[in-house]
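Following: one structure in structure tokens, then a few remarks.
We did not get these values from a lab; they are worked out from the coordinates using the rules stated. All values reported here derive from a predicted model rather than from experimental measurement. Note: ideal-geometry Cβ built from the backbone for every residue, glycine included; neighbour counts use all protein chains shown.
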Amino acid sequence: MAEDERPLDEDDVMLAETPDEGARPDDRIDDERMDEENTLKREFVQAVEDALEAGDESEVYDLVEPLHPADVADLLELLEKDERTQLASAITDLMTSDVVAELNDYVREEMMEALPADAVAQIAEQLETDDAVQLIEDLDEEDQRAVLAELDPEDRIAIQTALSYPEETAGRLMSREFVAVPEHITVGGLIDFLRDQHDLPEDFFEVFVVDQRHHPVGTCQLSWILRTPRNIALSDVMKRDQTLVPAMLDQEEVALMFQKYGLISAAVVDEDGRLVGQMTVDDVVHIISEEAGEDALLMSGAGEGDINEPIREAYSARVRWLVANLGTALIASLIIALFGAAIEQLVALAVLMPIVASIGGNAGTQTMAVTVRAIAMNQLTRSNTGRILAREMRVALLNGATIAVLVGAATAAIFSPLLGGVIALAMIINVVTAGLAGVLVPVAFERLDQDPAVASSVFVTMITDSMGFFAFLGLAVVLGVV
């Protein structure tokens, strides 16, 4: 037997071993450049800026060269626009596809627009198809055509096909690099096929089994393949039940599917059921992070909330909700004006009004956050809306009663028992109203096919403020406090 064909012994195989102390330095994060949170140190960034200002490109290169591609991307995002261009020029061969893939959307778009079409095309060809699509889709239509013209025909067709799908769908986000084989081959035949192929995807977790029409009929994880004797037919070990992702499915639904069924990867099929790509868990992690941040920002009316977002876009996204909030605040002010005479007679009303509105607003925000999350996670549907509403009403009653006892007792001790009873009753009314609004407003937006996170907070705040003032001042007048 040849030397390189001898049987493996225990000394030849090491599973899940900790890297030894002799690992190459460039395989580890350079501690001198990173702080405890794995972010670039201020002193290091300043050193890069000083070298750029001095025009010392060799010093810049020496500083940046040991960094991980993700850290190079972070460094670019930390610099000013002009400095980014200088840095990119100084580290040309370090500006790999891995760096570009890690860049913030705005920074990447800005840098790609500054590069010639052939340079962008060269970067795109190094990327996986889904990353290349993300790179090109942010460019202007004219720039897109110029870049696509520079690509190889095969890459161009793949990217154009992806761009034909709507944004934030599985078809736009999926990877077109996957492994598909017919079911009639044996496990040994599959292993030989995988070893002989030189253009396999860089990372894949399972092999998709297809029929003659290229419809997926099963899937086989790599771990099963390695554990199965070579002579066993693939059809005998593959898993026929699989979760298929329609290419037109929204990315939120894809993320929910992966979470619900514990998927690592899944086949993406077109309208005819043909296998056209795959979604992997790393894509889904990115989707979950993106959607969570987006919903949180939309609830506050802050737009995309990216610190690299152009000022004009940030202004446009935020000011319209502030104007809307101004309109809803006027409604609460009009209610206060209706009871102006009562407030003049008893200053205590003016002192206590903000408490009722504030507690109601916080209670509404809590319920709204729970509702928006339940809608996003597909936990709140038409079939259980009534049950969820009843649950939140019970929670609101308990919360309202607890706060009412506390604030009522304090008000009775400081001002009068009657005023204490008024604010306690108003508090219960407003907290219950807040719970009702916190459920119904997001549900109403969802029924109207609008994102429930977009403007729910504006309307919930309006309802709780208005009802809080109306209930407190109205009860004070009716019960003869003033």
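Quick check on packing: order 234-242, 131-139 by the mean number of other C-beta atoms within 10 Å, highest mean leading.
Working: 234-242: 15.0, 131-139: 20.7.
Top of the packing list down: 131-139, 234-242.
Expressed per residue, the C-alpha convex hull volume of region 109-159 stands at 63 Å³.
For GLN450 and ILE191, the difference between the fully extended length at 0.36 nm per residue and the C-alpha to C-alpha distance is 88.4 nm.
Computed from the Cβ-Cβ distance with R0 of 60 Å, the FRET efficiency linking LEU397 to ASN231 stands at 0.30.
Within the shell defined by Cβ-Cβ distances under 13 Å, the residues around LEU380 carry a net charge of +3, with Lys and Arg each +1 and Asp and Glu each -1. Counting only other residues whose beta carbon sits under 13 Å from that of THR433, what net charge do I get with K and R as +1, D and E as -1? Result for the neighbourhood of THR433: -2.
For region 394-444, count all C-alpha to C-alpha pairs, find those more than 13 Å apart, and express that count as a whole percent of the total. Intermediate values should be presented prior to the final figure.
On the way: 703 of 1275 pairs.
When all Cα pairs of region 394-444 are counted, 55 percent exceed 13 Å.
With N as its number of residues, region 180-300 has a Cα radius of gyration that, divided by 2.2 N^0.38 Å, comes to 1.21. Were the residues from HIS286 through GLU183 laid out at 0.36 nm apart, the gain over their Cα-Cα distance would be 33.8 nm.
Taking the mean number of other Cβ atoms within 10 Å as a proxy for protection, how do you rank 181-190, 273-282 from highest to lowest?
Working: 181-190: 16.7, 273-282: 19.4.
Top to bottom by mean Cβ count within 10 Å: 273-282, 181-190.
Extent along the principal axes, Cα only, for region 24-167: 45, 30, 25 Å, with the longest axis given first.
When each of the peptides 458-468, 353-363 is scored by the mean number of other C-beta atoms lying within 10 Å of its residues, the order from highest to lowest reads 458-468, 353-363.
In loop segments of region 354-439 as defined by DSSP, the trypsin sites (Lys or Arg not before Pro) with at most 13 further C-beta atoms inside 10 Å of their C-beta are ARG382. Between region 327-386 and region 129-193, the C-alpha centres lie 49 angstrom from each other.
Just need log10 I(q)/I(0) for region 358-482 at q = 0.11, 0.14 Å⁻¹, Debye formula, equal scatterers on the alpha-carbon atoms, no solvent, rounded to two decimals. Treating every Cα as an identical point scatterer, log10 I(q)/I(0) equals -0.40, -0.60.
What net charge is computed for the residues neighbouring LEU78, neighbours being all others with C-beta under 10 Å from the C-beta of LEU78, Lys and Arg scored +1, Asp and Glu -1? Don't skip to the answer; put the middle values down first.
Values: positive: ARG42, ARG84; negative: GLU49, ASP74, GLU77, GLU80, GLU83.
Net of charged neighbours comes to -3.
Take the Cα radius of gyration of region 181-228 and divide it by 2.2 N^0.38 Å, N being the number of residues; the result is 1.12.
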